[in-house]
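J.: Got a structure for you, written out below as structure tokens; questions coming shortly.
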Amino acid sequence: MATDAPPPEGSTEKSPAQPTTEAFLAEQAGAEFGELRRSYRSFAFPLTVAFVLWYLLYVLLSNYAGGFMGTKVFSNINVAFVFGLAQFVTTFLIAWFYSRHANAKLDPKAEAIKDRMEADA
């Protein structure tokens, strides 16, 4: 939809100063950034491996343990259906746990680094 209105005037606020490449490299080599990276990796990697293994278990059982997966739990609900739903539940739980972890541990450290780098620039 076209309009004859002029574009809005630019903001008078200045964007934060951009640090130099050397500042980024120095920060990356620092202990605080290393701790942030360690905190992320110590949470994300184990959960990723656990979820991939859980998913592969589901696929392997579906392919090679048809009798077990076809076992009725109640009514027309079988083990395969329960495991399939559990895949969705674990996906959402992992996302929720990560969100909590990021809010509590990662975001404050990242914000402190960002603020310091913008102040130094």
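The values are calculated or read from the model by the stated rules, or taken from the named source; none is laboratory data. Predicted, not measured: the structure shown is a model, and the values here were computed from it. As a convention, Cβ positions derive from the backbone with ideal geometry for all residues, glycine included, and neighbour counts pool all protein chains shown. All accessible areas refer to the heavy atoms of the entire protein, side chains included, with ligands and DNA or RNA removed. Shrake-Rupley method; radii C 1.70, N 1.55, O 1.52, S 1.80 Å.
J.: Could you tell me the extents of the range 62-105's C-alpha atoms along the three principal axes, largest first, rounded to whole Å?
T.: Result, largest extent first: 44, 23, 9 Å.
J.: Still on this model: Report, in cubic angstrom per residue, the convex hull volume of the C-alpha atoms of the range 15-57.
T.: Per residue, the Cα convex hull of the range 15-57 comes to 108 Å³.
J.: To continue, here is another question. Ignoring ligands, DNA and RNA, what percent of the accessible area of the range 27-121 is carbon or sulfur (1.4 Å)?
T.: That fraction is 68 percent.
J.: Give the calculated FRET efficiency between ILE77 and ALA50 to the nearest 0.05, with a Förster radius of 30 Å applied to their Cβ-Cβ distance.
T.: 0.75
J.: Be a star and scan the range 80-112 for residues whose amide nitrogen sits under 20 Å from the point 7 Å along the Cα-to-Cβ vector of ALA65.
T.: Within reach of a label on ALA65, which here means backbone N under 20 Å from a point 7 Å along Cα→Cβ, the range 80-112 contributes 80-91.
J.: Projected onto the charge dipole of the range 12-119 (+1 at Lys/Arg Cβ, -1 at Asp/Glu Cβ, origin at the Cα centre), which of ALA112, THR71, GLN87 gives the Cα projection farthest towards the positive end?
T.: It is THR71.
J.: Determine the sum of side-chain charges near PHE43: Lys and Arg each +1, Asp and Glu each -1, restricted to other residues whose C-beta is under 15 angstrom from that of PHE43.
T.: Combined, the nearby Lys, Arg, Asp and Glu give +4.
J.: Which value in deg cm²/dmol, rounded to the nearest 500, describes the helix-derived mean residue ellipticity at 222 nm for the chain, given -39,500 (n - 2.57) per DSSP H run of n ≥ 4 and division by the residue count?
T.: -23000 deg cm²/dmol
J.: Next question, about the same structure. List the residue ranges in the chain for DSSP H helices whose C-alpha atoms run 18 angstrom or more along the long axis and whose Kyte-Doolittle average is 0.0 or above.
T.: Span-like helices, by this rule, are 31-64, 79-101.
J.: Hey, another quick one. Taking K and R as +1 and D and E as -1, what net charge do the other residues with C-beta under 15 Å from the C-beta of ALA31 add up to?
T.: That sum, taken over residues with Cβ under 15 Å, equals +1.
J.: For the range 21-112, just the Cα set please: Rg and Dmax, both in angstrom.
T.: Gyration radius and largest Cα-Cα distance of the range 21-112: 19.8, 65 Å.
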